[in-house]
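Structure record follows, encoded as structure tokens.
The values are calculated or read from the model by the stated rules, or taken from the named source; none is laboratory data. Treat the numbers as computed from the prediction; the structure is a model and nothing was measured. Every residue, glycine as well, gets a Cβ built from its backbone with ideal geometry; the counts of neighbours run over all protein chains shown. For the accessible areas, the whole protein counts, side chains as well, though only heavy atoms, and no ligand, DNA or RNA atoms are used. Shrake-Rupley method; radii C 1.70, N 1.55, O 1.52, S 1.80 Å.
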Amino acid sequence: MGARAKQPAAVFSTLELGEAWAQQHGLEGMLTWYPLDMSVYEWVVAQGRFSSWPETPTPQFLAGFSSASQPHHHYERPEESGG
């Protein structure tokens, strides 16, 4: 997910592939792990990492749900020296 992006630009099967792509293009932002074939909400509940959740979550809640429990890595471009 680019630093100012509203949507992800790519999906990778490994962290190493994502890091290589970001480095190759000088990108900054965040690489976040997502479960396959289930929502983040369902994954968090299944992991027991969410102690209080709505019995029947609304569509808006599910659509915007994310979790700090998802492994993620932040990347910034090094500051360019001026001169």
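Among the numbered conditions (1) within 24 Å of H74 (Cα to Cα); (2) in a helix (DSSP H, G or I), tell me where M30 comes up short.
(2)
Across region 53-67, what is the total count of residues that are surrounded by 14 or more Cβ atoms within 10 Å (Cβ to Cβ) and of a type in the set (S, T, Y)?
Residues meeting the conditions: 1.
Do any residues in region 5-22 that are closer than 18 Å to E76 by Cβ and in a helix (DSSP H, G or I) have Cβ atoms under 8 Å from those of residues that are open to solvent by 80 Å² or more (accessible area, probe 1.4 Å) and not hydroxyl-bearing (S, T, Y), where the two are at least six apart or on different chains, and which pairs are they?
The qualifying pairs are L15/W33.
Can you report the number of residues in region 12-52 which are open to solvent by 100 Å² or more (accessible area, probe 1.4 Å), at pLDDT 90 or above and among the hydrophobic types (A, V, I, L, M, F, W, C)?
Residues flagged as open to solvent by 100 Å² or more (accessible area, probe 1.4 Å), at pLDDT 90 or above and among the hydrophobic types (A, V, I, L, M, F, W, C) within region 12-52 amount to 1.
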